[in-house]
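A.B. asks: Take a look at this one; I'll ask things after.
Just so you know, all these numbers are worked out from the coordinates, no wet-lab data involved. Just so we're clear, the structure is a prediction, and the values are computed from it rather than from any experiment. Positions of Cβ are backbone-derived with ideal geometry, glycine not excepted, and every protein chain shown enters the neighbour counts.
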Amino acid sequence: MNRKMITLSRIIKTGLVNFVRNAWLAVAAMAVMTVTLTIVLFSLVTNATFANTIAQITDKIDISVYLQDDITASQRASFVKGIKSLPNVKAVSYLSKDQALANYQKQNAGNEQLLSAISATDNPLPATIQIKPRDLNKIQDIKDYLSKPANLKLQSDDPSYSGDRKAAIDKITHATNILRQVGIFAVLIFAVISVLIIFNTIQMAIFNRRDELTIMRLLGASTGFIRGPFVVENIVYGVFSGIMSVVIIKVLFMLASSALQASSLGLLDINYASEYFNEHIWILLTIQLCVGILIGAASSVVATRRYLKFKTK
């Protein structure tokens, strides 16, 4: 066990020494890896921001169902119970005629003409059931239930749906899907470029150290001992690239929120994105480090197997 630990420590130490020695050679690899990880991080934060925006808009949307004045308490209770049983219903609230009138007067407090007109007659506003849906993409289930003949008899007018807000959510959802697809495509492209550059870096390092590697092999060094430092070196590339990607996004948010004095960029809520980034920075950093280490380790293992294949027999 001691021998294995000593060997491992020597591999790690050699890998770190090689990283310092070949730092300038690896600049291109780290630069492309940093771009790749920055795109990954930006996609994660943006998706979370869009999800929050959709949730905020959805929370403000409700379906208003207007009831007949002669509906009985038992009919109303049965109707409300049926609505609550629908899977896509998040919450249901009931406003009596008096409550509906009070809300109307409050909303139009500055319009004396409307208030005078509505005060001159008996309360014309119907009792209302307000429904908050969970998912606007599945709102048709609620519409179908309200359109049943037995339920239509209880309603004085057609239900009111918040169409404009639904359109806004559809727009954000569409933008999120496009961003996700573009992000995945960009990450794949830059990941492939990173792997190719790492392959080239390792090939050049092996060529520069061919005499040293030959001597190590002649002295009895194992294949793992020779390949190990290259893997460690590229893992360090991944670690530095992961840290740099987090720093870049942090700086971008700082510039956007302070220097540019911007609270939003199109559909992107910069304030929320910045808060989300700061609150989850350690989780995001961990993800970046894991992805960077995975890219560096996997590509270096494949590269050393290919380029050191004949030199380590």
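A.B. asks: Rounded to the nearest Å, what's the spacing between the alpha carbon centres of region 266-307 and region 40-99? Just the number, please.
C.D. replies: 37
A.B. asks: Relative to a virtual label point 7 Å from the Cα of Asp135 in the Cα→beta-carbon direction, which members of region 30-54 show backbone nitrogen distances below 12 Å?
C.D. replies: It comes to no residues whatsoever.
A.B. asks: What FRET efficiency comes out for the pair Asn103/Asp158, r = Cβ-Cβ distance, R0 = 22 Å, nearest 0.05?
C.D. replies: Efficiency, rounded to the nearest 0.05: 0.65.
A.B. asks: Turning to a different aspect of this structure: What's the exposure ranking of Leu196, Leu37, Leu154, going from fewest to most Cβ atoms within 10 Å?
C.D. replies: Ranked by crowding around the Cβ, least crowded first: Leu196, Leu154, Leu37.
A.B. asks: Among Glu212, Glu275, rank each residue by its count of other Cβ atoms within 10 Å, from fewest to most, as a rough exposure measure.
C.D. replies: Lowest count first: Glu212, Glu275.
A.B. asks: Please give, to one decimal in nm, the separation of the simple spin-label points placed at Cys290 and His174, each 7 Å out from Cα toward the Cβ.
C.D. replies: Between Cys290 and His174, the simple spin-label model gives 3.4 nm.
A.B. asks: Next question. In what sequence do Met5, Met244, Met30 fall when counting other Cβ within 10 Å, fewest first?
C.D. replies: Taking fewest neighbouring Cβ atoms as first place, the list is Met5, Met244, Met30.
A.B. asks: Follow-up. Give me a comma-separated list of calculated 3J(HN,Hα) values for region 41-58, in order, Karplus coefficients 6.51, -1.76, 1.60 applied at θ = phi - 60°, integers in Hz, x for any Gly or Pro.
C.D. replies: 5, 4, 5, 4, 5, 5, 4, 5, 5, 5, 4, 5, 4, 5, 5, 5, 5, 4
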